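The values are calculated or read from the model by the stated rules, or taken from the named source; none is laboratory data. On a predicted model such as this, the values are computed, not experimentally measured, just so you know. Neighbour counts run over all protein chains shown; Cβ positions are idealised from the backbone, glycine included.
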């Protein structure tokens, strides 16, 4: 079975999701490091992000501190706005 393209996934409700992950450095637990993760995911459940965080906790030594998530749909209805002025330049 062929993997769906990004466009097909967006039409199925996937959105561009960005997560800022703060984690403790293994050698210096008092120091926090930042990691950015970005993927198409389904809001508000975020199954891809949860799967990545489960992998992180299982395989990576840096203990998670916090995760901040932002999500936006890339395909949306077009915006219409009335122009206040129209000017022609030659």
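Give region 26-43 a look and list any residue that's in contact with a strand residue (DSSP E or B) (Cβ under 8 Å, 6 or more places away or on another chain), touching a residue at least 12 places away in the same chain (Cβ under 8 Å) and part of a loop (DSSP other than H, G, I, E, B), or say none.
First, pick out the residues of region 26-43 that are in contact with a strand residue (DSSP E or B) (Cβ under 8 Å, 6 or more places away or on another chain): 30-43.
This time we only want the ones that are touching a residue at least 12 places away in the same chain (Cβ under 8 Å), so: 32-43.
Passing the criteria: 42, 43.
Conditions (1) over 25 Å from residue 8 (Cβ atoms); (2) modelled with pLDDT of 70 or more, marked per residue:
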site	(1), (2)
50	no, yes
55	no, yes
60	yes, yes
68	yes, yes
76	no, no
86	yes, no
90	yes, no
Check your understanding: Is it the case that some residue within region 25-37 is surrounded by 11 or more Cβ atoms within 10 Å (Cβ to Cβ), in contact with a helix residue (DSSP H, G or I) (Cβ under 8 Å, 6 or more places away or on another chain) and at pLDDT 90 or above?
Key -> yes
All-but-one check, residue 57 against (1) surrounded by fewer than 13 Cβ atoms within 10 Å (Cβ to Cβ); (2) not in a helix (DSSP H, G or I), failing number (2)
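Where residues in region 1-24 are more than 20 Å from residue 72 (Cα to Cα) and modelled with pLDDT under 95, which of them is farthest from the chain's Cα centre (by Cα)?
Selected residue: 1.
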